[in-house]
Amino acid sequence: MEIIALANHKGGCGKTTTAVNLAYQLAKLKQKVLLIDLDPQGHSSLGLNIDPDRIELSCFDFLQKKPLADIAVSIMPNLDLLPGSMKTALLEQMLAGKNRREYRLKDLLHKVSGYNYILIDTPPNLGLLTINSLLAANKVLTPLEPGNYALHGLQKLDETLALLKNKTGHQPERRYVITMHRPTKFCEDFLNMLKPFFKNNLMQTKINFSEHYKDAALIGLPAGACGSGQADDHANLAREVKAWAEKKEPVFISSLPSPVKIEFNALGNTDMIQMLRGADDNYTYHYVFDKKGQVTRVKSKPLIKHSFL
């Protein structure tokens, strides 16, 4: 079971939008998903048409050790929600002085079964709830909007994770996803600046800016449930996250011997797939790459299998 915390100390970076739409798209891939709305504002709950002010039980009660089965709300096949609540903010005081207060969420999730993915929408600040999320997660996905303020928030999160590693030895795997991307020179320059820093930890999928996400949130639905074409971005992200979890991540040509035979599917929106514009979706192609990036198409029966999303 993968436990993925979506975390960024900066608000307004698309964290909740990513959490809701990623959970929805993973469920569409027939993965059993639990979305935990740990943000006291309850925006993930609202994004799935659950009003935090009208529910009886929430994350607050789960962290008070009430059974998950009594609290979780079934949103659709394969997707359950552990709703948020303003009461969750009170836990900081209630857990003060308690034994293993930083591990309360981890200890409770250790008893949960039946899910492929647990996604945690964390608060946009550093506090006990965020610490609980980071210590419970084996992976951290950071939504990052282009801009200088985003880097400041990222630095704070990095410092927090470094501190936790120093204190506890816990070191979750990290990935970053660009949100609110626009086809502008500024965004491209921002990406080019980040790539050397993030190395292979930057998701190839970019979430493009669209007002459709706000429209969908207003009616309490993921963008994909509204028929929005923008949902393709999160569908691609879900496939990439699934590959990350299954350790089927893209293999970088520079790290392979030359020439190398590779099989991959024409799915996704990566630079690699852009070569195949005009090709039929879901068709399997086989290519030989050399060190200079030259490509030659070869016969169509399976060769060495390396998955490219």
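For the condition under 30 Å from GLU102 (Cα atoms) and of a type in the set (Ser, Thr, Tyr), what is the one hit in THR160, THR184, THR205?
None of the other options fit; the residue is THR160.
If I filter the range 160-209 down to residues being of a type in the set (A, V, I, L, M) and part of a helix (DSSP H, G or I), which single residue comes out as farthest from ASN21 (Cα to Cα)?
My answer is LEU163.
Given the criteria at pLDDT 55 or above, among the small types (Gly, Ala, Ser) and loosely packed, with under 12 Cβ neighbours inside 10 Å, does GLY227 qualify?
yes
Yes/no matrix, rows are residues, columns are (1) exposed (fewer than 15 other Cβ atoms within 10 Å of the Cβ); (2) in the same structural domain as LEU6 (by the TED database); (3) in contact (Cβ under 8 Å) with a residue 40 or more places away in the chain; (4) within 23 Å of GLY42 (Cα to Cα):
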position	(1), (2), (3), (4)
PRO123	no, yes, yes, yes
LEU134	no, yes, yes, yes
VAL140	no, yes, yes, yes
PRO143	no, yes, yes, yes
LEU151	no, yes, no, no
GLN155	yes, yes, no, no
LEU161	no, yes, no, no
ASN166	yes, yes, no, no
HIS170	no, yes, no, no
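How do the helices (runs of 4 or more DSSP H) wholly within the range 85-155 filter down when requiring 3 or more residues that are modelled with pLDDT of 95 or more and farther than 27 Å from PHE197 by Cα: which remain?
Result: 104-109.
On the basis of being acidic (Asp, Glu), in the same structural domain as TYR176 (by the TED database) and at pLDDT 95 or above, does ASP53 make the cut?
It is false that ASP53 is acidic (Asp, Glu), in the same structural domain as TYR176 (by the TED database) and at pLDDT 95 or above.
Is there a residue in the range 62-81 that is outside any strand (DSSP E or B) and crowded, with 24+ Cβ neighbours inside 10 Å?
Within the range 62-81, one or more residues are outside any strand (DSSP E or B) and crowded, with 24+ Cβ neighbours inside 10 Å.
Only one residue in LEU91, LEU108 is in contact with a Phe, Trp or Tyr (Cβ under 9 Å, 6 or more places away or on another chain), closer than 13 Å to LYS65 by Cβ and in contact (Cβ under 8 Å) with a residue 40 or more places away in the chain. Which one?
LEU108
Checking the structure you have, find out if any residue of the range 138-154 is more than 30 Å from PHE190 (Cβ to Cβ) and touching a strand residue (DSSP E or B) at 6+ places or on another chain (Cβ under 6 Å). Break it down into steps so the answer makes sense when it comes.
Going residue by residue through the range 138-154, those that are more than 30 Å from PHE190 (Cβ to Cβ) are none.
For the range 138-154, residues more than 30 Å from PHE190 (Cβ to Cβ) and touching a strand residue (DSSP E or B) at 6+ places or on another chain (Cβ under 6 Å): absent.
Test of understanding: among LYS87, LYS106, LYS98, which residue is basic (Lys, Arg) and closer than 24 Å to LEU22 by Cβ?
Only one candidate qualifies: LYS106.
Hey, could you check the range 2-44 for residues that are crowded, with 24+ Cβ neighbours inside 10 Å and of a type in the set (Asp, Glu) and say which is nearest to ILE120 (Cα to Cα)?
Step by step, filter the range 2-44, then rank; the result is ASP37.
Looking at ILE178 and the list (1) surrounded by 21 or more Cβ atoms within 10 Å (Cβ to Cβ); (2) out of contact with any Cys (no Cβ under 9 Å at 6 or more places or on another chain), which single condition is not satisfied?
Answer for ILE178: the failing condition is (2).
The values are calculated or read from the model by the stated rules, or taken from the named source; none is laboratory data. Values in this document were obtained by computation on a predicted structure and should not be read as measured data. We place every Cβ from the backbone using ideal geometry, glycine too, and count neighbours over all the protein chains shown.
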